[in-house]
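Derivation of every value follows stated rules applied to the coordinates shown; laboratory data play no part. Fair warning: this is a prediction, and the values are worked out from it, not measured in the lab. Note that we place each Cβ from the backbone using ideal geometry, even for glycine, and neighbour counts take in every protein chain shown.
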Amino acid sequence: MRPSKLDPFKPTIMQMLETHPYTAKQVLQRIQEESYDGGYTIVKNYVAKVRPKRSPAFLKLSFAPGECAQVDWG
């Protein structure tokens with residue numbers, strides 16, 4: 001398998017994605033500043049493959065009848 005233009009930038013991309021949920025376009029702009037001269041599609045495909053899974057934005061709560069109450073003061 002031949003080396004990819006993206007190979008030297010993969011550690012940088014991984015570090016970026018672990019610290020912030022960047023889009024593939026933002027990743028491309030950042031690595032272009034570091035002399036990446038490849039295309040967007042390879043970056044997009046790599047980011048989709050290695051992006052950490054997002055956790056749900058909400059927590060589902062479950063209570064027995066009469067165990068909890070909520071009031072809307074609005």
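Pull out a ≥ b ≥ c, the square roots of the eigenvalues of the alpha-carbon gyration tensor of region 7-50, then state rounded if a/c is under 1.5, prolate if not and a/b is larger than b/c, and oblate in the remaining case. Intermediate results must be reported in sequence, preceding the final value.
On the way: a/c = 1.45, a/b = 1.23, b/c = 1.17.
It is rounded, given that a/c, with a ≥ b ≥ c, falls under 1.5.
Considering all C-alpha pairs of the chain, those separated by over 16 Å amount to 59%. Once the trypsin sites (Lys or Arg not before Pro) in DSSP loops with at most 11 neighbouring Cβ atoms within 10 Å are cut out of the chain, the longest remaining piece is 1-52. Within the shell of other residues whose beta carbon sits under 15 angstrom from the beta carbon of Met16, the net charge comes to +3, with Lys and Arg scored +1 and Asp and Glu -1. Between the listed residues Ile13, Met1, Gly74, the Cα displaced farthest toward the positive end of the dipole of the chain, a dipole computed from Cβ unit charges relative to the Cα centre, is found at Met1.
Among residues other than Lys44 with Cβ under 12 Å from its Cβ, the summed charge is +3 (Lys and Arg +1, Asp and Glu -1).
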